[in-house]
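Peer 1: First, the structure itself, so that you have it in front of you.
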Amino acid sequence: MRLLPVILLSLALTACGGGGGGDGDSPPASQSPPPPANQSVGGIWEGTDSDGDAIIGLVTETGAFHFLDPDGQGFGTATVSNGSQVAASYTYVADLGTTFVDGSTGATCTLTGTVVERVSLSVNSQCTTTRGTTGQNSATLAFNALYNRDASLATIAGNYNDVGDVLNINSGGVVFEQDASEGCILNGQVTVVNAAYNAYQVQFTVSNCNASYAALNGTSWTGLATLDNTTSPQELIFGVVGNVTISGAMGTFSLVGVAPRI
């Protein structure tokens, strides 16, 4: 945690006079230290939680986050106070087509922890599923310097292998993909969140799915993505969430992908 220096100001006043004149000293005056500057929680954060699951966190400079793990995705906005104290209320949802152990697909959660800017993020979370099951978890995550890569539409533009289908992002950030087997068409947009950091906002809608995936028609998905150039080929990593009606009940679900550049 960075602490601004404490500035102590002292002033000694000495009165000089002849013939019995006296000296008067004023007591030192002090200035209270300013509050510590809040650390940035922005970053690509990686590590393992207390259940042994691998976690990737995509967090913007404004605190908007998507945390990805094997069971689902947590999303919300984190705030930092008192220099390094992190807090958030957020939603945790299951991957599309799956449920949590108690049969639910969503949970409301709270998170507290501490951040050392561009170094580490330690968090504790508590969640309650829509069926009333409660659980706790914790994780200490390390900053990945990949976040410091500049972002631009020119950088992310290209074709990606999305589980056998071609995901195209053109030079204007327009997204298009068609599923060869199910017919689903994705139309959307990628935008740069902050040109100084490797985070992109992603949104798309789904249409034209055949009967097996008809529940996805008309759904909208939003989330974050990053482009990993430490691998060859480069990989687009994204986490999005959307509302889907299944068996007459609407729920929010997670989609997570790692798509190599073609």
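Peer 1: Taking the stretch 152-176 as the search range and keeping residues that are under 30 Å from Asp53 (Cα atoms) and free of Cβ contacts under 8 Å to residues at least 60 places away in the same chain, which one is surrounded by the fewest Cβ atoms within 10 Å (Cβ to Cβ)?
Peer 2: Top of the filtered list is Gly164.
Peer 1: Determine whether the stretch 146-159 contains at least one residue that is closer than 22 Å to Ser232 by Cα and of a type in the set (Val, Ile, Thr).
Peer 2: Yes: one or more hits.
Peer 1: So which residues in the stretch 89-107 are assigned to a loop (DSSP other than H, G, I, E, B) and of a type in the set (Gly, Ala, Ser)?
Peer 2: Matches in the stretch 89-107: Gly97, Gly103, Ser104.
Peer 1: In the stretch 140-183, what count of residues is obtained for those that are more than 19 Å from the chain's Cα centre (by Cα), more than 28 Å from Tyr213 (Cβ to Cβ) and among the hydrophobic types (A, V, I, L, M, F, W, C)?
Peer 2: 2
Peer 1: In the list Thr226, Thr205, Thr252, which residue meets the criterion of being touching a helix residue (DSSP H, G or I) at 6+ places or on another chain (Cβ under 8 Å) and either surrounded by 16 or more Cβ atoms within 10 Å (Cβ to Cβ) or farther than 20 Å from Gly106 by Cβ (or both)?
Peer 2: Only one candidate passes the filter, namely Thr226.
Where a number appears in this text, it was derived from the coordinates with a stated rule and is not lab data. Since the structure is predicted, the reported quantities are computational estimates derived from the model, not experimental observations. Cβ atoms come from the backbone with ideal geometry, glycine included; neighbour counts cover every protein chain shown.
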